[in-house]
Every structure is written in C-alpha cells, then in structure tokens.
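The values are calculated or read from the model by the stated rules, or taken from the named source; none is laboratory data. What you see is a predicted model; the values in this text were computed from it and never measured. Using ideal geometry, Cβ is built from the backbone for each residue, glycine included, and neighbour counts are taken over all protein chains shown.
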Amino acid sequence: MSRIEPTFERLKQQGRKALIPYVTAGFPYADVTPSLMQTMCDAGADVIELGVPFSDPMADGPVIQKAGERALALGIGLAQVLQMVRDFRRENADTPVVLMGYANPVERYELRHGPGSFARDAAEAGVDGLLIVDYPPEECEAFAAQLREHGLDLIFLLAPTSTDERMRQVARVASGYVYYVSLKGVTGAGHLDTDAVEQMLPRIRAQVSVPVGVGFGIRDAQTARAVGRVADAVVIGTKLIQLIDGQPRDQVGPAAARFIAEIRQALDHS
C-alpha cells in the first residue's frame with residue numbers, strides 16, 4: 001500500500017481536506033525541488049504532485065508548459081525526477097508523492113532500463129502514485145497491476161464531459177484518488193464554477209469509491225475554501241508555478257510556503 005490511502009483516511013478522521021500542490025520537477029532551478037517539496041509540506045501540503053517535464057504536454061497550459069521547457073533545458077528527465085524523490089525521502093518518509101506526466105518518458109525509461117523497470121525504480125525512490133495524462137483506463141490494466149505489485153497507485157483524470165461509463169472504466173483500475181478537472185481545456189484556463197463542481201461530485205462518487213480531488217482553476221484561498229467544502233482534496237498548480245517563477249533561489253521556498261499556508265488555513269476553516 002502507498003502512503004496515499006492512509007493520508008486520506010487520517011484527514012477524514014480529522015475532518016480535514018487534502019491540500020495537493022503541483023510543481024514541475026527542476027523548476028525554477030534544477031537543484032531546488034527536494035527542499036521546495038519539504039517546505040510545502042511544512043506549510044501544510046498533504047500530498048505533493050511532481051510534474052515530469054515533457055516536450056509535448058498536451059494537457060498543460062502555457063504557464064506549466066514553459067516551466068517544463070525550462071526544466072528540460074536544465075537536463076531534467078525522469079531519472080533526475082526519481083533522484084529528487086530519493087533526496088526528498090531522506091528528510092520526509094511520510095508525505096505521499098505523485099508523479100504527473102505523460103506516457104512517453106515512462107516508455108523511454110523502460111526501453112532504456114528494461115521492462116518493469118519504471119514501477120520498480122519509482123517504488124524504490126519513494127514514489128506513491130502516478131498520473132499519466134495520456135494513458136486511458138481501458139488500455140492500462142496491465143500497467144495498473146504492475147504498479148500495484150510495487151505498492152503504487154494509478155490516478156486518473158475525470159472531466160466535466162466524462163460519462164458514467166467512463167467513470168466506471170476509471171473505477172476499475174484507479175486507486176489512491178481521482179483528479180477531477182473542473183474546467184474544459186488545459187491547466188490554468190478559465191474561471192472555476194464551484195456550483196458546477198458541487199453538482200458533478202455526487203455523479204463521480206456514485207461510480208468511484210476512492211477520494212476525489214479537484215483542480216484546474218483554483219487560484220486563491222476563497223476558491224479553495226469553496227471547493228474544499230465538497231471535494232476530498234484541492235489541487236493547485238498553475239498559480240503556484242507563477243508565484244515561484246522569477247524568484248531568487250533562496251526565495252522560492254518562502255514564496256511557495258506563504259501561498260500554501262494561506263490555502264491551508266482557508267481549507268481548515270471552510
């Protein structure tokens with residue numbers, strides 16, 4: 001079992017919601033990510049989503065695309081991301097880490113290191129879950145089983161356009177949590193309609209037994225509080241990337257911590 005299920009269970013018992021920040025590995029500096037991850041945990045993050053840089057991130061908006069491009073230019077690939085998780089685990093053995101990215105880097109990793117190497121090495125590094133944007137549930141049951149053998153969760157996206165049948169397909173293979181993309185389009189797009197989220201979540205929960213996190217469009221404490229009233233977790237990425245972009249190296253952590261602490265306080269008083 002990964003760290004994800006016990007984390008959600010503990011939060012449920014406490015009557016609290018999970019705060020899941022997303023950062024791109026290697027952004028804005030190649031060496032800052034492990035300490036940034038710990039800083040966000042200290043400020044109130046419950047799970048860390050760590051973006052794996054990729055050259056063609058079709059679901060990401062311009063902010064996260066540019067963050068990925070800069071990380072790639074600094075030489076950050078999947079092997080370096082796994083090392084960042086290992087470095088983080090030297091200080092933090094408890095907070096779940098989810099890698100979010102695309103199929104190509106995983107498949108290239110396995111071509112280089114052998115079949116089954118990614119699940120093995122990710123588990124060894126201390127990863128808890130994987131969200132592969134372009135792996136549809138009906139095509140990755142074998143991959144999900146391979147991950148489960150190593151105690152890793154496979155997390156899927158659901159969208160406003162997801163049908164009940166699609167949700168049932170996800171439910172058959174998903175574990176850890178599902179990530180409801182609250183807006184049509186790419187990350188960072190549009191403005192969140194919290195009423196629409198509230199109407200959608202009962203449909204999702206009728207089909208899916210794992211916790212439901214909501215992301216895309218959450219930019220401030222007020223929106224996070226509103227989403228936290230109905231979701232099990234709040235996921236924030238684009239706004240956080242914007243806040244740390246351009247910061248001097250020694251201010252990246254403090255800038256992220258201030259924002260995370262503000263969101264944490266809002267969630268705890270929703």
All positions within region 206-252 that are closer than 24 Å to Glu9 by Cα, charged (D, E, K, R) and surrounded by 15 or more Cβ atoms within 10 Å (Cβ to Cβ): Arg225, Asp232
Pair list, Cβ under 7 Å, 6 or more apart: region 28-51 residue without any contact (Cβ under 8 Å) to a residue 60 or more places away in the chain, other residue buried (at least 19 other Cβ atoms within 10 Å of the Cβ) and part of a loop (DSSP other than H, G, I, E, B): Ala30/Ile76; Thr33/Ala25; Thr33/Gly26; Cys41/Thr95; Ile48/Thr95; Leu50/Ala25
Search result, residues across region 221-246 that are in contact with a helix residue (DSSP H, G or I) (Cβ under 8 Å, 6 or more places away or on another chain) and under 19 Å from Gly51 (Cα atoms): Ala233, Val234, Ile236, Gly237, Thr238, Lys239, Leu240, Ile241, Gln242, Leu243, Ile244, Asp245
Leu131 touching a Cys at 6+ places or on another chain (Cβ under 9 Å), modelled with pLDDT of 95 or more and either at negative phi or not in a loop (DSSP other than H, G, I, E, B) (or both): no
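Just to check your reading of the model, which residue among Arg219, Arg225 is charged (D, E, K, R), part of a helix (DSSP H, G or I) and either closer than 15 Å to Arg16 by Cβ or modelled with pLDDT under 95 (or both)?
Working: Arg219 fails: part of a helix (DSSP H, G or I).
Answer to the selection: Arg225.
Checking the condition part of a helix (DSSP H, G or I), within 19 Å of Phe156 (Cα to Cα) and not charged (D, E, K, R), which residue from Phe8, Phe54 passes?
Numbers: Phe54 fails: part of a helix (DSSP H, G or I).
Only one candidate qualifies: Phe8.
Results for (1) part of a strand (DSSP E or B); (2) surrounded by fewer than 19 Cβ atoms within 10 Å (Cβ to Cβ); (3) within 19 Å of the chain's Cα centre (by Cα), shown as yes or no for each residue.
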residue: Val85; (1), (2), (3): no, no, yes
residue: Val98; (1), (2), (3): yes, no, yes
residue: Val106; (1), (2), (3): no, no, yes
residue: Tyr109; (1), (2), (3): no, no, no
residue: Pro115; (1), (2), (3): no, yes, no
residue: Ala122; (1), (2), (3): no, no, yes
residue: Leu154; (1), (2), (3): yes, no, yes
Residue list for region 57-79, filter: in a helix (DSSP H, G or I) and either hydrophobic (A, V, I, L, M, F, W, C) or more than 9 Å from Thr24 (Cβ to Cβ) (or both): Pro62, Val63, Ile64, Gln65, Lys66, Ala67, Glu69, Ala71, Leu72, Ala73, Leu78, Ala79
Hits in region 141-181 - residues which are aliphatic (A, V, I, L, M) and touching a Phe, Trp or Tyr at 6+ places or on another chain (Cβ under 8 Å): Leu154, Ile155, Leu157, Leu158, Ala159, Val170, Val173, Ala174, Val178, Val181
In region 156-170, residue nearest to Pro96 (Cα to Cα) [restricted to those that are under 18 Å from the mean Cα position of the chain (by Cα) and not in a strand (DSSP E or B)]: Phe156
Members of region 229-270 that are closer than 21 Å to Arg16 by Cβ and assigned to a loop (DSSP other than H, G, I, E, B): Arg229, Val230, Ala231, Asp232, Gly237, His269, Ser270
Candidate set from region 171-184 (those that are closer than 20 Å to Val52 by Cα and not in a loop (DSSP other than H, G, I, E, B)); member that is modelled with the lowest pLDDT: Val181
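Only one residue in Gly116, Gly68 is free of Cβ contacts under 8 Å to residues at least 60 places away in the same chain, under 19 Å from Ser175 (Cβ atoms) and among the small types (Gly, Ala, Ser), so which one is that? If you could, list the steps in order and put the result at the bottom.
Details: Gly68 fails: under 19 Å from Ser175 (Cβ atoms).
It is Gly116.
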